[in-house]
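Trainee: Here it is, the structure in full.
The values are calculated or read from the model by the stated rules, or taken from the named source; none is laboratory data. This is a predicted model, so every value here is computed, not measured. Positions of Cβ are backbone-derived with ideal geometry, glycine not excepted, and every protein chain shown enters the neighbour counts. Note: areas computed on protein heavy atoms with side chains; ligands, DNA, RNA excluded. Shrake-Rupley method; radii C 1.70, N 1.55, O 1.52, S 1.80 Å.
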Amino acid sequence: EPLATAVQVAKRLGVSERWVRDHATRRSPRLPVVKLGSLLRFRGEDVEQFIARQRTDHSGTSRIK
């Protein structure tokens, strides 16, 4: 599976490219990234796991750990 760009991940998550770059490099929650020199690339599996970790139920406890 080819690595995704920040633009592709942003579309998948429904956020801006800047949000993706910020959370891949310095903000929490941290989005796993593959750095190729100055390029940021993302594995599809990592993005899906990131989404799963962000899910919470209405009680505020995490569904998936």
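Trainee: Would you mind telling me which residue in Ser38, Ser28, Ser16 has the biggest mean-square fluctuation in a Gaussian network model of the chain, where springs connect alpha carbons within a distance under 10 angstrom?
Mentor: Ser38
Trainee: Using a probe radius of 1.4 Å on heavy atoms only, what accessible surface per residue do you get for the stretch 1-48? Whole Å² is fine.
Mentor: I get 67 Å² per residue for the stretch 1-48.
Trainee: Net charge near Asp46: determine it from the other residues with C-beta under 12 Å of the C-beta of Asp46, scoring Lys and Arg +1 and Asp and Glu -1.
Mentor: Neighbour charge sum, excluding Asp46 itself: +2.
Trainee: Can you tell me the dipole magnitude for the chain around its Cα centre, using point charges on the Cβ only (Lys, Arg +1; Asp, Glu -1), in Debye to the nearest 20?
Mentor: 200
Trainee: Work out, step by step, the length gained on full extension between Arg26 and Val7: first 0.36 nm times the residue separation, then minus their alpha carbon distance; give nm to one decimal.
Mentor: That pair, Arg26 and Val7, stretches by 5.1 nm at full extension.
Trainee: Need the full-extension length gain, Thr56 to Arg41, defined as separation in residues times 0.36 nm minus the C-alpha distance. One decimal, nm.
Mentor: Working it through step by step, the gained length comes to 2.8 nm.
Trainee: Under the definition of Cα pairs under 8 Å and six or more residues apart, what whole-number percent is the relative contact order of the chain?
Mentor: It rounds to 27 percent for the chain.
Trainee: (1) -0.45, -0.60; (2) -0.36, -0.53; (3) -0.65, -0.72: which one is log10 I(q)/I(0) by the Debye sum over Cα atoms at q = 0.13, 0.16 Å⁻¹ as calculated from this entry?
Mentor: Answer by label: (2).
Trainee: For the chain, what % of the accessible area comes from carbon and sulfur atoms, probe 1.4 Å?
Mentor: Percent of accessible area from carbon and sulfur atoms in the chain: 50.
Trainee: With a point put 7 Å past each Cα toward its Cβ, work out how far Glu48 is from Val15 in nm, to one decimal.
Mentor: Inter-label distance under the simple model: 2.0 nm.
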